[in-house]
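Shown next, in structure tokens, is the structure this report addresses.
The values are calculated or read from the model by the stated rules, or taken from the named source; none is laboratory data. Quick caveat, the model's predicted, so the values are computed rather than measured. No Cβ is skipped: glycine too gets one built from the backbone with ideal geometry, and neighbour counts run over all protein chains shown.
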Amino acid sequence: MVLPKTPGQVPERSLDQRLEALRRANDIRVRRAQLKKDIKSGAARIEEILEARPGYVETAKVFDMLMSVPKFGKVKATRLLNQCRISESKTVGGLSERQRTELIGLFDR
């Protein structure tokens, strides 16, 4: 007899599945950390990242990415997001075309 799932119950995963998920998550964290260093040093530009949207950046918060831009702090990043009508909790992958274009346009000035 199969019991119905209760809300909040997660299906069991095998050890291999868990290890693979941890491996992917760690890879994404490492790549994002390197990207933030590259943005901070000027080796990468935030506009290009927002335009290209690499897979490992899709779930990153836009606010966190802006914080890695040189001369950007919490106040400046928040002001920029408010100007573009973007929530601080919005992810790079969740940006609409209008939001993405407007944000990139502010950096192209």
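Kindly indicate which of Gln17, Gln9 is in a helix (DSSP H, G or I) and among the polar types (S, T, N, Q). Before you say what the answer is, go through the steps one by one.
Values: Gln9 fails: in a helix (DSSP H, G or I).
Being in a helix (DSSP H, G or I) and among the polar types (S, T, N, Q) holds for just one of Gln17, Gln9, which is Gln17.
Of all residues in region 81-109, how many are part of a helix (DSSP H, G or I) and within 16 Å of Pro54 (Cβ to Cβ)?
2
For region 53-71, enumerate the residues that are surrounded by fewer than 18 Cβ atoms within 10 Å (Cβ to Cβ) and of a type in the set (Ser, Thr, Tyr).
Tyr56, Thr59
I'd like to verify a number: residues in region 25-52 that are surrounded by 11 or more Cβ atoms within 10 Å (Cβ to Cβ) and either in contact with a helix residue (DSSP H, G or I) (Cβ under 8 Å, 6 or more places away or on another chain) or more than 30 Å from Arg98 (Cα to Cα) (or both), how many?
The total comes to 14.
Out of all the residues in region 72-84, is one or more among the hydroxyl-bearing types (Ser, Thr, Tyr) and modelled with pLDDT under 95?
Checked region 72-84: no residue is among the hydroxyl-bearing types (Ser, Thr, Tyr) and modelled with pLDDT under 95.
When you scan region 22-55, how many residues do you find that are within 11 Å of the chain's Cα centre (by Cα), assigned to a helix (DSSP H, G or I) and closer than 17 Å to Lys90 by Cβ?
Residues meeting the conditions: 3.
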